[in-house]
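The structure appears right after this line, and notes come after that.
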Amino acid sequence: MGSTLVGCGKAMPALKIGNTALEALVDTSDEWIASRTGIKTRCIAIEETSADLGEAAARQALGWTAGGYSERPLIPEDIDLIVCATITPDCITPSTAGLLRRRLGLSNAIAFDVNAACTGFVYSATVAEAMMAASAPNAAGASGRNPIRRALVVGTERLTRLTNWADRNTCVLFGDGAGAAVLEWDESRSGILGSFIVNADDEANALSCPLSYDVVPPFDSRGVSTEASRQEDPSTSRVDEELAVREAVDAGEPQQVLRMNGPHVFKFAAEAMTEAVRQVLSRTGLTLDDIACIVPHQANERIIKYAAKKLDLPLDFFQMSIAQTGNTSAASVPMALADAYAEGRIKRGDKVILTAFGGGFTSGALVFEA
Ligand code: ACO
């Protein structure tokens with residue numbers, strides 16, 4: 001018995017942008033981007049939001065629209081849980097999972113978001129599987145928890161809203177999109193066999209994106225109101241200081257953008273993904289000979305090539321979707337998974353590994369039997 005994948009789908013924004021279009025923005029070239037990253041095109045969400053993309057991917061996974069993989073169409077009441085991985089939600093609250101619950105009419109579902117950057121889908125599927133397993137009734141027919149028989153797990157991102165379009169080190173890498181999967185608790189199938197998730201401290205701050213709030217509370221640290229504080233001594237008003245900093249920031253470079261030390265992240269990523277695959281195999285007692293294919297996070301073709309070499313596997317063992325997507329963060333793994341199904345790479349009974357790394361630093365791997 002286990003959480004079995006019974007559907008998956010993906011969605012991409014309408015606008016597709018090739019590498020040559022980026023040559024007009026920054027000092028780069030199609031040749032540099034393609035050879036250093038494997039990326040040829042990416043989609044950019046101009047009209048679509050993360051919830052729009054997540055909804056379109058979820059509809060495929062639920063078997064409501066064509067284009068995805070679905071064992072059979074489900075009805076809204078079937079879904080008990082929605083976990084959405086994203087670092088680019090439409091709003092802070094409701095969560096993107098909450099928005100999907102409303103839009104898809106999944107009125108039985110509990111819904112929340114997970115922020116684990118590019119590893120978000122692996123984390124979310126691990127959380128969903130754990131909640132499903134914990135809610136399975138015991139011998140006495142009770143679990144004491146929300147009964148969760150089916151879960152919708154989504155990864156959706158608009159990373160191009162966190163992109164500094166004047167920074168050639170990062171702006172060539174990212175794209176937008178969404179992927180989704182439906183997990184079903186099945187007494188007669190194994191489904192997810194095991195997972196390994198882990199955090200490391202990104203102490204060099206090699207991958208970060210700050211958050212700026214618009215509101216400054218109207219008190220100073222002593223609890224004196226802003227107005228009284230100003231009258232006491234205008235030169236020490238914290239609120240005025242913060243507002244002055246914000247004005248200076250607004251006039252200059254965008255602040256709420258991804259900043260990355262590429263080579264540092266590359267080094268972490270290559271080791272972390274390989275280690276996660278080894279760990280999940282060891283936890284499940286499997287070997288690479290048992291595995292049909294690996295669906296890795298699509299951040300850089302060279303990172304995947306490095307992992308293939310380290311694991312002594314041919315490159316075609318890995319699903320490769322990056323050429324058309326760029327790095328779509330939490331959406332990357334479920335989008336690549338949908339591609340793997342669409343390309344006929346995954347058949348019933350196959351064992352498949354999903355693996356990713358990302359900001360935090362997060363990393364992990366999960367193995368399931370299709
Ligand atoms: N076009 C042309 N030249 C460029 C570009 C560009 N777009 N970007 C960088 N360069 C230059 C650099 O300035 C540097 O020039 P210099 O030698 O004169 O200083 C040279 O190319 C080499 O730069 P490196 O950064 O060393 O290039 P590298 O081969 O490491 O590739 C890359 C850079 C693609 C970013 C790579 O390091 C990488 O993929 N890192 C991992 C990124 C990643 O996986 N991020 C995932 C997390 S994202 C998230 O979590 C949301």
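Summary of values
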read-out	value
Flag if Asn169 is free of Cβ contacts under 8 Å to residues at least 12 places away in the same chain and more than 19 Å from Thr41 (Cβ to Cβ)	no
Scan of region 63-79 for residues that are outside any loop (DSSP other than H, G, I, E, B) and either within 19 Å of Asn146 (Cβ to Cβ) or of a type in the set (S, T, N, Q) (or both), ordered by number	Ser70, Pro76, Glu77, Asp78
Test: Ile92 is assigned by TED's automatic domain parsing to the domain that holds Ala270, assigned to a loop (DSSP other than H, G, I, E, B) and either under 29 Å from Ala200 (Cβ atoms) or within 16 Å of the ligand (Cβ to nearest atom) (or both)	yes
Test: residue in region 150-171 that is surrounded by 13 or more Cβ atoms within 10 Å (Cβ to Cβ), more than 24 Å from Ala331 (Cα to Cα) and of a type in the set (Val, Ile, Thr)	no
Matching residues in region 291-322 - criterion: being small (Gly, Ala, Ser) and either more than 16 Å from the ligand (Cβ to nearest atom) or more than 19 Å from Gly344 (Cβ to Cβ) (or both)	Ala292, Ala299, Ala307, Ala308
Number of positions in region 183-203 that are among the hydroxyl-bearing types (Ser, Thr, Tyr) and within 15 Å of Ala356 (Cα to Cα)	1
Selection within region 1-46 - in a loop (DSSP other than H, G, I, E, B) and within 14 Å of the ligand (Cβ to nearest atom)	Glu23, Ala24, Leu25, Val26, Asp27, Thr28, Ser29, Gly38, Ile39, Lys40
Neighbours by Cβ (under 6 Å, 6+ apart or cross-chain): first from region 100-111, surrounded by 14 or more Cβ atoms within 10 Å (Cβ to Cβ); second of a type in the set (D, E, K, R) and assigned to a loop (DSSP other than H, G, I, E, B)	Asn108/Asp80; Ala109/Asp80
Set Thr96, Thr49: member being surrounded by 22 or more Cβ atoms within 10 Å (Cβ to Cβ), under 17 Å from the mean Cα position of the chain (by Cα), closer than 22 Å to Arg161 by Cα and of a type outside the set (Lys, Arg)	Thr96
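The values are calculated or read from the model by the stated rules, or taken from the named source; none is laboratory data. For clarity, every value in this text was computed on a predicted model and none was experimentally measured. Note that we place each Cβ from the backbone using ideal geometry, even for glycine, and neighbour counts take in every protein chain shown.
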